Amino acid sequence: MFIRQAHFLSWLACAAILSGCATQPVKTPSSTEVPAKTVRTATWKIVEWGQLPGWNDTDVMTSLLALSRSCQAAVKRNSLWANVCDQVPLLLNADGVVQRTFIQTQLQPFQVLNADETDEGLVTGYYEPIIKASQARGGVYQTPIHGVPADLLVVDLAGQYPELKGMRLRGRVQGNRVVPYADRAEITTENRTVAPVLYWGADAIEVFFLQIQGSGQLQLPNGKNVRISFAEQNGWPYRSIGRWLVDRGELRLDQASMQGIQSWARSHPERLAELLNANPSYIFFRDLGEPVAAPPGAMGVPLTDGYSLAVDQRSIPLGAPVWLVTTHPSTGLPMNRLMVAQDTGGAIKGGVRADFFWGSGDQAGEHAGRMKQKGRMWILLPKGATPEAMVSK
């Protein structure tokens, strides 16, 4: 699955929740029209189609193609998608007016609001990197890309604690106790892991960003490309190395893009380990073999360049179309687009919060690395469905 810094629960946060000290009061909705529905990370407000900025001017052809790719998985998650998904393939050759009319007839828009009822949030970007690697260590190939360690223990607590649904505890057995798994520094500098090495990367900072993205293609010396994808995570919380640099005065906030971080790292090779170890989270991969047309997302279906979105599935159900109103990271021009929620990410938490999939390779990486836009979001659900029921599936 293409999951950047996949959804996890840190040991400290888990302990806090289990002891009850993480419980927070839920704010009462105050909408004067249709009451917003409050649950966990977001609220939702039913709206009319005319309230979606730019809706009548958009081309939804590629959006429907992206939706069709995840329909089978969406129906398995919730049968309310069945009627819509049965008809989507018939619309792929229709004109734009017919396509939008179908969407408006079959779906109901809900504006996504944050838990405090504000309507604006952060939209970042991600992509599939393509980096140089080898199956054998030697020369420039010195950075390990690990598979899942044999001693990694994953505990799902949702059976006893429903509030922890989708979260897992990770660690290892030490004597008769379960202790936290090794953090990044322990894995990379002390070799405190029995994880197999799948490949050896040619550039440590590129391997780090491969972990951040959660999936990628490896260019091997024999000319072949292979794809690897997220398999597991060490259980430590993700920490932004961009924020680490800003807090220490090494970069300004506007310089802390992927490109800015890479430039700083290459200019300070003696501090590279210190920089990378500021993020204790570590990703283990699985080998998918030679690349197919597109990387899979959290739903297990191929992502669509520029039309797949990673979301917090406590706020937006996977498989749902999402009307996104934001700006282009490279031009600043308005970008209103019908996306499909097909992926998740550990840093993607909250109501109005999303990660925009740009595709594979350097150009996609340029856009993704610069994308830190403000945005608003509306989810489109089958008529009669409610966000509360859909996000709980």
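The numbers here are math on the coordinates, done by the rules we state, and not lab data. Predicted model only: the values in this text are computed from it and were never measured. Glycine gets a Cβ as well: all are built from the backbone with ideal geometry, and neighbour counts include every protein chain shown.
For the chain, a simple Cβ point-charge model (Lys and Arg +1, Asp and Glu -1, everything else neutral) yields a dipole of about 600 debye relative to the Cα centre. Can you tell which of GLY50, VAL148, VAL112 lies farthest toward the positive end of the dipole of the chain, using +1 and -1 charges on the Cβ of basic and acidic side chains (Lys, Arg; Asp, Glu)? Farthest towards the positive pole: VAL148. Modelled label positions at GLN106 and TYR161, each set 7 Å beyond Cα in the direction of Cβ, lie 4.0 nm from each other.
Inter-part distance, segment 55-111 to segment 315-334, computed on C-alpha centroids, equals 17 Å. Calculated FRET efficiency, GLN219 to GLU48, Cβ-Cβ distance, R0 = 45 Å: about 0.35 to the nearest 0.05. Note on VAL154 and LEU288: the extension gain reaches 46.1 nm, defined as 0.36 nm multiplied by sequence separation minus the Cα-Cα distance. Could you name the aspartates and glutamates whose alpha carbon sits less than 15 Å from that of LYS76, not counting residues in the same chain fewer than 8 places away? Result set, ordered by chain and number: ASP86.
DSSP beta bridges fully contained in the chain are about 80 percent antiparallel.
For LEU381, the amide hydrogen comes within under 5 Å of the amide hydrogens of GLN108, PHE110, counting only partners 5 or more places away or on other chains and with H modelled in the peptide plane. Close amide-amide hydrogen proximity is noted between VAL352 and ASN114, each under 5 Å apart and 5 or more residues distant or on a separate chain (H modeled in the peptide plane; Pro and chain starts excluded). Membrane-span-like helices in the chain, defined purely by DSSP H runs whose alpha carbon atoms cover 30 Å or more axially and whose average Kyte-Doolittle hydropathy reaches 1.0, do not occur.
Only Cα pairs under 8 Å and 6+ residues apart enter the sum, and on that basis the relative contact order of the chain stands at 28 percent.
Among 217-223, 145-151, the peptide with the highest mean count of other Cβ atoms within 10 Å heads the list, and the full ranking is 145-151, 217-223.
For the chain, the 222 nm mean residue ellipticity estimated from helices alone, with every DSSP H stretch of n ≥ 4 adding -39500 (n - 2.57) and the total spread over all residues, rounds to -7000 deg cm²/dmol. Considering only beta bridges that DSSP places wholly inside segment 81-182, some 100 percent are antiparallel.
Zone of VAL98 (label point 7 Å along Cα→Cβ, backbone N under 20 Å): which residues in segment 39-82? Residues passing the 20 Å test: 56-69.
If the chain linking SER330 and VAL178 were pulled fully straight, counting 0.36 nm for each residue of separation and taking away their Cα-Cα distance, it would gain 50.0 nm. Pairs of Cα atoms under 8 Å, at least six residues apart: use those to get the relative contact order of segment 75-195, whole percent. Normalised by residue count, the contact order of segment 75-195 is 14 percent.
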